[in-house]
Amino acid sequence: MKLITATPWGVYTVWWRHFQVYRSTWLVNCLPPISEPVVYLLAFGYGLSPLIGEVDYLGQMIPYARFLAPGMIAIGVLFQSFFEGAYSSFIRLNFQKTWQALLTAPLSYTDVFLGDWVWAATKGTIAGTITGLVAVLANLYDLSSLVLSLPLIVLGSLLFGAFGLLVAGAVNKVDQVNVPIFLVIIPMFTLCGTYFPRDTLPPLLAKFAALLPLASLVDLLRWPLGLPPWWPLLLLWLIGWMVVMARLAALRIYPRLFS
Amino acid sequence: MSDALTLKAYDLWKTYGDEAVVQGISFSLAPGEIVGLLGPNGAGKTTTVGMLFGTVIPTKGFVQFGSWQLPGQGQLARAQMGIVTQEDNLDPDFTVFKNLTHFAHHYRITGAAARQRAGELLALVNLEHRAEAQVDELSGGMKRKLVLARALLNQPKIVFLDEPTTGLDPDARQDFWRLVQDLKASGCGILLTTHYMDEAQRLCDRLLLLQQGKVIDKGTPTDLVARVIGREVAEIEGVETQILQDLAASHGAWYRAFGSGHLISLPDRYPEVVWDAIAAHHPSRLLRRPANLEDVFLRLTGSVLE
């Protein structure tokens with residue numbers, strides 16, 4: 001694959017196209033990131049809190065609902081950016097031929113790829129932020145903490161958006177997107193410390209879960225509750241995953257457009 | 001129109017593994033000219049067009065368009081190109097009007113300028129009454145016209161039409177041809193790929209006949225027909241093959257079995273001699289008609305276009 005220069009306008013105009021689609025059905029699009037965390041917080045937060053009470057996190061006891069809230073933010077980021085990158089990009093690539101149409105305009109492959117990627121990350125960021133705001137309203141996360149967490153939300157969205165694009169470029173049929181969902185996404189969102197501290201898992205499983213990128217994102221989003229001493233490594237781990245995913249995604253999608 | 005915006009293809013080759021899909025195609029396309037790539041399915045027409053605008057990377061050769069060289073500078077060159085691809089890639093998420101205004105954004109045509117340009121183009125292709133329709137509600141012909149309108153947003157100097165009328169009914173094809181002729185009159189250079197002879201004969205100033213990725217002949221439609229076949233052809237049924245073969249051989253005419261009958265070219269000089277000789281055998285069907293590109297293709301390749 002040749003490296004073709006992207007222009008800020010090129011990336012922006014592709015992103016803008018996706019935003020126009022989103023804007024035309026904004027009410028429907030805003031529903032999942034609002035309703036999902038509310039349901040999760042009600043079901044797990046209020047439903048399980050009386051049973052669990054407090055959890056031991058980094059040596060301190062934390063009310064379960066406050067422990068859960070950052071996990072919900074991370075899940076909002078994961079689902080929205082991954083599904084946009086995987087399903088929506090696959091449809092734009094293989095059914096709607098949007099990528100092919102865009103490449104008849106004066107846009108480079110890099111423009112179109114980055115535009116799609118940034119859009120997937122935008123959806124993750126919107127979902128993470130709305131989830132965070134729901135948590136703020138429920139008094140489970142501080143507003144100032146949410147503002148300071150925005151860079152983490154963006155980073156996580158870029159990472160999982162790139163993973164989604166990699167899936168879109170790797171599968172041949174839309175049903176095959178289910179394979180990484182069942183093999184990666186579901187294990188990740190259940191095991192990575194979103195609903196319970198990972199140290200309750202068997203040691204080997206806990207170590208495996210800690211290597212998955214959602215674990216690093218959740219740990220970092222819990223910074224108001226405390227950070228593990230090696231947190232800069234978690235940040236680097238996320239950035240490394242993001243770079244690798246984005247590179248692999250670009251390499252997988254390119255041959256579908258250029259021969 | 002500047003001569004600098006002539007498009008030139010130099011010795012284009014494309015191979016996939018051991019299969020050579022395009023083999024050494026060279027040609028030029030000047031402003032105000034329609035050049036046709038005529039060939040059956042799988043002849044390499046779409047692959048060649050892809051190399052001209054940059055989505056197919058040539059195994060060998062390059063394309064010069066003005067000061068830009070492709071494939072490396074495809075992004076820059078496409079600012080002056082209009083591309084109608086064979087596959088329908090209109091945006092189903094938008095209305096007809098927004099398909100144009102939103103695509104104009106990619107050319108940095110925004111706001112009122114985009115709306116004005118979209119309105120002009122919808123009027124040009126007679127779709128202004130469907131501006132608020134969804135793309136899925138359009139007929140096949142309307143969709144092709146909308147793709148053409150989208151390709152003209154940037155007032156391109158050159159337009160690629162890849163099988164633009166495939167699947168359209170005769171009225172829609174006539175309508176599309178009128179638009180293409182108007183574009184040519186405005187000074188636009190047009191590259192048309194088609195497997196319809198009537199389309200190629202009516203629209204194209206020059207033709208490249210393609211078979212299995214090679215140019216097997218080229219010229220104006222009239223010259224090609226005159227040079228390869230002559231002025232007229234007789235279609236015959238109900239006469240023995242050997243009689244017609246002997247007749248063709250004795251007059252230096254082209255002969256070929258075709259369907260349930262035969263074709264034989266009538267010599268430009270004294271065609272009546274051959275015609276009368278055929279008629280003397282009382283064929284069950286006998287038709288005398290002008291030679292066309294189908295005959296040319298049949299003679300050059302031994303197969304019909306499909």
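Per the listing A:L248, A:L234, the residue uniquely free of Cβ contacts under 8 Å to residues at least 60 places away in the same chain, aliphatic (A, V, I, L, M) and part of a helix (DSSP H, G or I) is A:L234. Of all residues in region A:191-204, which are surrounded by 13 or more Cβ atoms within 10 Å (Cβ to Cβ) and outside any loop (DSSP other than H, G, I, E, B)? Once the filter is applied, which keeps residues that are surrounded by 13 or more Cβ atoms within 10 Å (Cβ to Cβ) and outside any loop (DSSP other than H, G, I, E, B), region A:191-204 yields A:L191, A:R198. The set of residues from region B:158-200 being more than 14 Å from B:V147 (Cβ to Cβ), of a type outside the set (D, E, K, R) and more than 9 Å from the chain's Cα centre (by Cα) comprises B:I158, B:P170, B:Q174, B:W177, B:Q181, B:A185, B:S186, B:G187, B:C188, B:G189, B:I190. The set of residues from region A:18-41 being buried (at least 19 other Cβ atoms within 10 Å of the Cβ) and either in contact with a His (Cβ under 6 Å, 6 or more places away or on another chain) or farther than 30 Å from A:A105 by Cα (or both) comprises A:P33, A:E36, A:P37, A:Y40, A:L41. The helices (runs of 4 or more DSSP H) found entirely in region B:219-306 that carry 1 or more residues being free of Cβ contacts under 8 Å to residues at least 12 places away in the same chain and touching a Phe, Trp or Tyr at 6+ places or on another chain (Cβ under 9 Å) are B:241-251. The residues listed here are A:V11, A:V28; of these, the one that is touching an Asp or Glu at 6+ places or on another chain (Cβ under 6 Å) and more than 10 Å from chain B (Cβ to nearest Cβ) is A:V11. The residues in region B:98-118 that are more than 8 Å from chain A (Cβ to nearest Cβ) and either at pLDDT below 95 or more than 28 Å from the chain's Cα centre (by Cα) (or both) can be counted, and the count is 9. Is it the case that some residue within region B:70-80 is away from chain A (no Cβ under 11 Å), in contact with a helix residue (DSSP H, G or I) (Cβ under 8 Å, 6 or more places away or on another chain) and at pLDDT below 95? Yes, region B:70-80 contains a residue that is away from chain A (no Cβ under 11 Å), in contact with a helix residue (DSSP H, G or I) (Cβ under 8 Å, 6 or more places away or on another chain) and at pLDDT below 95.
Restricting the search to region A:70-84, which residues are over 20 Å from A:L225 (Cα atoms) and crowded, with 24+ Cβ neighbours inside 10 Å? Working first, answer last.
Step one: list which residues in region A:70-84 are over 20 Å from A:L225 (Cα atoms), which gives A:78-84.
A:L78, A:Q80, A:S81, A:F82, A:E84 - these are the residues of region A:70-84 that are over 20 Å from A:L225 (Cα atoms) and crowded, with 24+ Cβ neighbours inside 10 Å.
Kindly evaluate B:R150 against the criterion of being surrounded by 15 or more Cβ atoms within 10 Å (Cβ to Cβ), in contact (Cβ under 8 Å) with a residue 60 or more places away in the chain and over 19 Å from the mean Cα position of the chain (by Cα).
Details: surrounded by 15 or more Cβ atoms within 10 Å (Cβ to Cβ): yes; in contact (Cβ under 8 Å) with a residue 60 or more places away in the chain: yes; over 19 Å from the mean Cα position of the chain (by Cα): yes.
So B:R150 fits the description; yes.
The values are calculated or read from the model by the stated rules, or taken from the named source; none is laboratory data. All of these numbers come straight from a predicted model, not from anything done at the bench. No Cβ is skipped: glycine too gets one built from the backbone with ideal geometry, and neighbour counts run over all protein chains shown.
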